[in-house]
Each structure stands twice: as structure tokens, then as C-alpha cells.
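Participant: Once you've had a glance at the structure underneath, I'll fire off some questions.
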Ligand SMILES: [Zn+2]
């Protein structure tokens, strides 16, 4: 019974822990930025150590240096820059704590791999992951 659930979703415990830390980091920002840094850094560390990849949109909201949850207007500054190239703008996010910056190219024509239908290998339903006594 236990083996079946492991096969269906490998690293489920790790994903659940990362999910909890990410949510805790995003909820604790108004009260304690230091604690948010700690939770964000732990989330990244668990991902790195267990070799489980973090969702790119999740990863982009955590500061690369200090681990602070980057929320524009609260803990980060967001600016759009014109790159003087063909229709290419970039989004610059600056952490308010450590002043680290992240730059992302904003291209409406580009679709990431995870947004494409071909990237979905299997969809797990909640009923399949639970252990049934048979
Ligand atoms: Zn930072």
C-alpha cells in the first residue's frame, strides 16, 4: 500500500513541506521579514537538496540572495524597462532587504515549457494518491 503511493507521486513529502514553507513565508511578511527570509531560504534549500524542482513562478517570487518573499510594494520594487530592442521589455525586481535584482524578459510570444500541453506527462487525481485498504 505504501509503495503504491510513492510510485504515484515521488517526493510527495518534500513537495508538501516546500508548499507549507512557501505559504508560511508569504503569510509572515507583514509581521516578520526575517522569518520570511528563513522560510524562503529553507524552501529553496529543500528543493536543492532533494533534487525536486520548484515551479518557476514560485521560484521567481523568492529572492535569490536572502530568500525573502518578493512581493511588489511590500518587500520588493518592480519596474518595467525598455530594452531598446524589437518589442522586448524586461521586468526588474529589486529586493528591499538585500538590494539584489532579478531581471526577466517579458515576451508575449514566448510560452514556457511548463505552460505547454506537451510538458504534462501525467495528471494525478487525489483519490489515487491515498492508500486504500484492500
Ligand atoms: Zn533579498
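Participant: Could you grab the relative contact order for segment 2-107? Cα pairs under 8 Å, six or more apart, rounded to a whole percent. Display every interim value, and only then the final one.
Facilitator: Details: 141 pairs, mean separation 18.9, N = 106.
After rounding, I find 18 percent.
Participant: How high is the FRET efficiency from residue 49 to residue 87, r the C-beta distance, R0 25 Å, rounded to 0.05? Provide the component values of the computation, followed by the final result.
Facilitator: Working: r = 40 Å, r/R0 = 1.60.
Efficiency computed from Cβ-Cβ geometry: 0.05.
Participant: Ranked highest first by the average count of other Cβ atoms within 10 Å around their residues, in what order do 106-113, 16-23, 38-45 fall? Intermediate values should be presented prior to the final figure.
Facilitator: Details: 106-113: 8.9, 16-23: 16.1, 38-45: 20.1.
Ranked from most to least packed, the peptides come out as 38-45, 16-23, 106-113.
Participant: Could you give the angle, 0 to 90 degrees to the nearest 10, between helix 33-50's Cα long axis and the longest principal axis of the Cα atoms of the chain?
Facilitator: Roughly 50 degrees, rounded to the nearest 10.
Participant: Please label the shape of the chain as rounded, prolate or oblate, based on the square roots a ≥ b ≥ c of the eigenvalues of the alpha-carbon gyration tensor (a/c under 1.5 means rounded; beyond that, a/b larger than b/c means prolate, else oblate). List each step's numbers first, then the result.
Facilitator: Working: a/c = 3.05, a/b = 1.48, b/c = 2.07.
Oblate, since a/c reaches 1.5 and b/c is not below a/b.
Participant: Could you give the length gained on full extension between residue 121 and residue 26, defined as 0.36 nm per residue of separation minus the Cα-Cα distance, in nm?
Facilitator: Numbers: separation 95, 0.36 × 95 = 34.20 nm, distance 2.94 nm.
31.3 nm is the gain from fully extending residue 121 to residue 26.
Participant: A further question follows. On a 0 to 90 degree scale, rounded to 10, what angle separates helix 12-27 from the longest Cα axis of the chain?
Facilitator: Once rounded, one gets 40 degrees.
Participant: At residue 64 and residue 77, where each label point lies 7 Å from the Cα along Cα→Cβ, what is the point-to-point distance in nanometres?
Facilitator: Taking the two extended label points, one gets 1.9 nm.
All of the numbers you see were taken from the coordinates with simple rules; none came from a lab. For clarity, every value in this text was computed on a predicted model and none was experimentally measured. Heads up, the Cβs are rebuilt from the backbone with ideal geometry, glycines too, and the neighbour counts pull from every protein chain shown.
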